[in-house]
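The values are calculated or read from the model by the stated rules, or taken from the named source; none is laboratory data. Note that the structure is a prediction, hence the values are computed from the model and not measured. Positions of Cβ are backbone-derived with ideal geometry, glycine not excepted, and every protein chain shown enters the neighbour counts. These area figures cover heavy atoms from the full protein model, side chains too; ligands, DNA and RNA do not enter into them. Shrake-Rupley method; radii C 1.70, N 1.55, O 1.52, S 1.80 Å.
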Amino acid sequence: QVQLVESGGGLVQPGGSLRLSCAASGSIRRINVMAWYRQAPGKQRELVTTITNGGNTNYADSVKGRFTISRDNAKNTVYLQMNSLKPEDTAVYYCNVALWTARGAYSSDFWGQGTQVTVSS
């Protein structure tokens, strides 16, 4: 069994910063891609950013230059540093992990519980 636990959301003023964390634990052999998604009220869940095991990253155009994804492979943890936050960044943020379980099965369907980020004055 694999668990993903997120932390770090909250309320911040426009222009402020937040850092999200997502720690994976359980029957994990190896983690491949780690990602952050977000879902705003009334909208579909969208991909924000990804990072491969080798450290290659990709970002949605809406967050380029403001958000930074990183990972600590020794801790099976992914981070999202969010700077210059805007009201339109308000959403529930979810981490997503693709990995091989201890039994050797591969899945990209492991999700965190979600953490609320609200950007408002």
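Pairs under 6 Å by beta carbon, first residue touching a residue at least 12 places away in the same chain (Cβ under 8 Å) in the stretch 1-14, partner among the aromatic types (Phe, Trp, Tyr) and open to solvent by 30 Å² or more (accessible area, probe 1.4 Å), six or more apart or different chains?
Qualifying pairs under 6 Å: VAL2/PHE110; LEU4/PHE110.
Could you figure out which of (1) in contact with an Asp or Glu (Cβ under 6 Å, 6 or more places away or on another chain); (2) open to solvent by 60 Å² or more (accessible area, probe 1.4 Å); (3) not hydroxyl-bearing (Ser, Thr, Tyr) isn't true of GLY54?
(1)
Which residues, counting only those in the stretch 87-104, are among the polar types (S, T, N, Q) and either touching a residue at least 60 places away in the same chain (Cβ under 8 Å) or under 11 Å from ILE28 (Cβ atoms) (or both)? Don't jump to the end; show me each part of the working.
Looking only at the stretch 87-104, we keep the residues that are among the polar types (S, T, N, Q), and these are 90, 96, 101.
If the condition is that a residue be among the polar types (S, T, N, Q) and either touching a residue at least 60 places away in the same chain (Cβ under 8 Å) or under 11 Å from ILE28 (Cβ atoms) (or both), then ASN96, THR101 are the ones that fit.
Can you tell which of SER84, SER21, SER107 is more than 12 Å from the chain's Cα centre (by Cα) and either in contact (Cβ under 8 Å) with a residue 24 or more places away in the chain or in a helix (DSSP H, G or I) (or both)?
SER84
So that you can scan it fast, the table gives a plain yes or no per residue for (1) surrounded by fewer than 19 Cβ atoms within 10 Å (Cβ to Cβ); (2) of a type outside the set (D, E, K, R); (3) more than 15 Å from THR118 (Cα to Cα):
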| residue | (1), (2), (3) |
| --- | --- |
| ALA60 | yes, yes, yes |
| ARG66 | yes, no, yes |
| ALA74 | yes, yes, yes |
| VAL78 | no, yes, yes |
| SER84 | yes, yes, no |
| THR90 | yes, yes, no |
| VAL97 | no, yes, yes |
| GLY104 | yes, yes, yes |
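I'm trying to understand the selection: among the residues of the stretch 24-38, which are in contact (Cβ under 8 Å) with a residue 60 or more places away in the chain and touching an Asp or Glu at 6+ places or on another chain (Cβ under 9 Å)?
ARG38 - this is the single residue of the stretch 24-38 that is in contact (Cβ under 8 Å) with a residue 60 or more places away in the chain and touching an Asp or Glu at 6+ places or on another chain (Cβ under 9 Å).
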